[in-house]
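One structure is given here, and the rest of the page talks about it.
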Amino acid sequence: MARLRGLVESRSLNAAVTWTLVGVLVAGTLASLAVGDLLWAVFGATVVAVALVPTVVMRDASVLVAWEPLALAAVPLVAQWVGLFVTPLTYLSVAALALLVAVEIDSFSTAEMPPWFAVLFVVLTTLTVAGLWGILQYFSDVLLETSFLAGRVALMWELVGATGAGVAAGVLFHLYFQRYGSIGGSSAEVGGS
């Protein structure tokens, strides 16, 4: 669908900002790896890999996703560096990563994904990741005797935070799709239709 493909752009300004964000993400990934924070290193590397899919597929360094969702995905890594990290930021980043995946599925495959479905995909992916993360924390606590979960109440609040982040991201992305839908000709037509 052309509205989602509008999030994959080939404008020079977008390319400059996106490449800068990719550099920040690579630096954050390497910093996380250097201090032994494997979870954040893997997350950062995943965001970088997803962000570079359009460049690799189109073999053009100027064809990249829009910088806004990539910036949103980078927020937790930057917040962690400056000591302002909070758990809902993680889920907002997961939502942004889900949006990038939805855009790339729509842009680089024969599948058509209308914006309303992309928003639903983002919200459900965020909730799924939160649920899986809770399950992994529980099993780590039980089997490895860690103390990730402070109790059921803490787990429920984490899931509430993830739900709020997913819904907020869904609303933001809906508004974002409306904005891109109204801008004609500013995006590169990529992928097969």
(request) Mind putting a number on the dipole of the range 2-181 about its Cα centre? Charges go on the C-beta only, +1 for Lys and Arg and -1 for Asp and Glu, and I need it in Debye to the nearest 20. (result) 340
(message) Taking the Kirkwood radius as the inverse of the mean 1/r across Cα pairs, report the Rg/Rh of the range 73-168.
(response) 1.05
(request) Averaging sequence separations of C-alpha pairs under 8 Å and six or more residues apart, then dividing by the length of the chain, give the relative contact order as a whole percent. (result) 30
(message) Rg and Dmax in Å for the range 2-181, alpha carbons only: what are they?
(response) 16.8, 51
(request) Specify the angular offset, from 0 to 90 degrees and rounded to the nearest 10, of the alpha carbon long axis of helix 12-34 from the longest principal axis of the alpha carbons in the chain. (result) 20
(request) For every helix of n ≥ 4 consecutive DSSP H residues, a contribution of -39,500 (n - 2.57) applies; sum these over the chain, divide by its total residues, and give [θ] at 222 nm rounded to the nearest 500 deg cm²/dmol. (result) -26000 deg cm²/dmol
(message) At a 10 angstrom cut-off on C-beta neighbours, averaged per residue, how do the peptides 51-62, 93-104, 158-169 rank from highest to lowest?
(response) 93-104, 158-169, 51-62
(request) Quick one: angle between helix 115-144 and the longest Cα principal axis of the chain, in degrees between 0 and 90, rounded to 10, please. (result) 20
(message) Applying a 10 Å radius around every beta-carbon, put 34-42, 129-137 in order of their mean neighbour count, most first.
(response) 129-137, 34-42
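FYI, it's all coordinate maths here, none of it is from the lab. On a predicted model such as this, the values are computed, not experimentally measured, just so you know. Cβ sites come from the backbone with ideal geometry, for glycine too, and all protein chains shown count toward neighbours.
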